[in-house]
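Here the structure comes first, spelled out in structure tokens, and everything after it is commentary.
No value in this document is a laboratory result; all are computed from the given coordinates. Because the structure is a prediction, the values reported are computed rather than measured. Cβ placement follows ideal geometry from the backbone for every residue including glycine, while neighbour counts extend to all protein chains displayed.
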């Protein structure tokens, strides 16, 4: 093989690698923009309700709305942390937490954050988490991320009717 042919082959391979990296970056950005929209819609939607319907809303409703705004903001911070986790994974320094958390609370927060988008589409969004234990050992950030993805996609891809989240724990057989 001539030197020219080797150079052309190397350039072709480098071009394919660059195109694949560019495609992966584009896909990553599209996925992240989708992930950011869910909590942003919660923040924007509940803020609009507070600003436009303040006189009509009971104090408890206002507190609930402010809580949802706060949870949505916290979720945005988690998404940013998830992006930073990618670099930790690549560097081999990623650690999974294992702490006590409430799966009920996590799922209820996720449903609350996604309720504005569901209502805007005319969908009902309900959850039944009565069969869950009060506490489990898990990585709460990853668990929240999992449910945000599932519920967010359910809202996104459901055109009519409603969404019902039912969660329970199955005991592991030893």
Using alpha-carbon coordinates, inclination of helix 59-90 to the longest axis of the chain, degrees: 20
The range 3-168: antiparallel DSSP beta bridges as a percent of all, rounded to 5: 35
Residue among 141, 42, 122 with the largest mean-square fluctuation in a Gaussian network model of the chain, springs linking Cα atoms under 10 Å: 122
Sequence-separation-based contact order of the chain, relative, with Cα cut under 8 Å and 6+ spacing, percent: 22
Between helix 103-120 and the chain: long-axis angle, C-alpha atoms, 0 to 90°, nearest 10: 90
Within the chain, helix-based [θ] at 222 nm, where runs of 4 or more DSSP H residues each add -39,500 (n - 2.57), nearest 500: -24500 deg cm²/dmol
Spacing of the two label points (7 Å from each Cα toward its C-beta) at residue 135 and residue 10, in nm: 6.1
Cα convex hull volume per residue for the range 3-168 (Å³): 159
